Amino acid sequence: MTETLFRDDSYIRDCDATVTSVEEDAIILDRTVFYSMGGGQPGDVGTIAWSGNSTAVIDTRYGDAGAIRHIVKPGSPLPQVGSSVRATIDWDRRYTHMRMHTALHLLGAVLRYGVTGGNIGADRSRLDFDMEDTVDKESVSAAMQALVDADHPVRCRWISDEELEAQPELVRTMSVQPPKGAGRVRLLEIENVDLQPCGGTHLRSTGEVGRVNVAKVEKKGKRNRRVYIALD
Ligand SMILES: [Zn+2]
């Protein structure tokens, strides 16, 4: 199982680690700063470097038993199992994903409908809403921007199933219901705006989102509105 440093601090750009396994197209480390694809957020890219060598990581995915696989092109130079390496993410790309991801939470807080899907990209990101109403791009953009400009603090914390069970009022306030039986759940809280289980990487406060707007709205069926956002 790979230790996930990005879950405790999404602002760490690099770390030292030890190689625990090497495959033809992947390097597995004992710990990493690379976010593994999940929850609509792409896996990180970057480099793994060791004693004069370096290999590009082109994607990051979960493997078996909690291992995180740093995907490399076949034929890339590979480190030996047991060697010490330095893992460094493409920070500009990741930071854009963090801005987009946090902005999607704001979109979900503005449009209080059920969310049926979503995807994060560097150019634009989207949520699919279970709704029949039309979406007014200008007013939703303005409401999101107001939440950005108010610079609400963003926090993540772990909570156990027992703590959740003891606080039904907390569960009622969540915009997405937490999974049951996982043992513990990671909660994302945007102060006074949103509370929900989420495993992604977020900003420290909403002000870092910068300028955001609704770029496009697609009607994908009677009860599905696909809302795209973009950053300036
Ligand atoms: Zn999130």
For region 175-232, which fully contained strands (runs of 3 or more DSSP E) count at least 1 residues that are more than 16 Å from the ligand (Cβ to nearest atom) and either open to solvent by less than 30 Å² (accessible area, probe 1.4 Å) or of a type in the set (Gly, Ala, Ser) (or both)?
212-219, 225-231
Can you find a residue in region 151-160 that is of a type in the set (D, E, K, R), at pLDDT below 95 and farther than 26 Å from Arg184 by Cα?
no
Every pair of residues 6+ apart whose Cβ atoms lie under 9 Å, when the first sits in region 90-117 and is closer than 10 Å to His202 by Cα and without any contact (Cβ under 8 Å) to a residue 40 or more places away in the chain while the second is of a type in the set (Ser, Thr, Tyr) and outside any helix (DSSP H, G or I)
Tyr95/Tyr11
Output for region 21-36, where each listed residue is surrounded by fewer than 17 Cβ atoms within 10 Å (Cβ to Cβ) and not in a strand (DSSP E or B):
Glu24, Asp25, Asp30
Among Ile89, Ile27, Ile71, which is closer than 23 Å to Met1 by Cβ and in contact with a His (Cβ under 6 Å, 6 or more places away or on another chain)?
Ile27
Candidates Ile48, Ile68, Ile58 - the one that is touching a strand residue (DSSP E or B) at 6+ places or on another chain (Cβ under 8 Å) and surrounded by fewer than 17 Cβ atoms within 10 Å (Cβ to Cβ):
Ile58
Checking Ala103, Ala109, Ala56 in turn, the sole residue that is outside any helix (DSSP H, G or I) and either within 16 Å of the ligand (Cβ to nearest atom) or at pLDDT 95 or above (or both) turns out to be Ala56
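The values are calculated or read from the model by the stated rules, or taken from the named source; none is laboratory data. Keep in mind that what you see is a predicted model, and the values were worked out from it rather than measured. Cβ sites come from the backbone with ideal geometry, for glycine too, and all protein chains shown count toward neighbours. Each accessible area value is taken on the protein alone, full model and side chains, heavy atoms only, with ligands, DNA and RNA left out. Shrake-Rupley method; radii C 1.70, N 1.55, O 1.52, S 1.80 Å.
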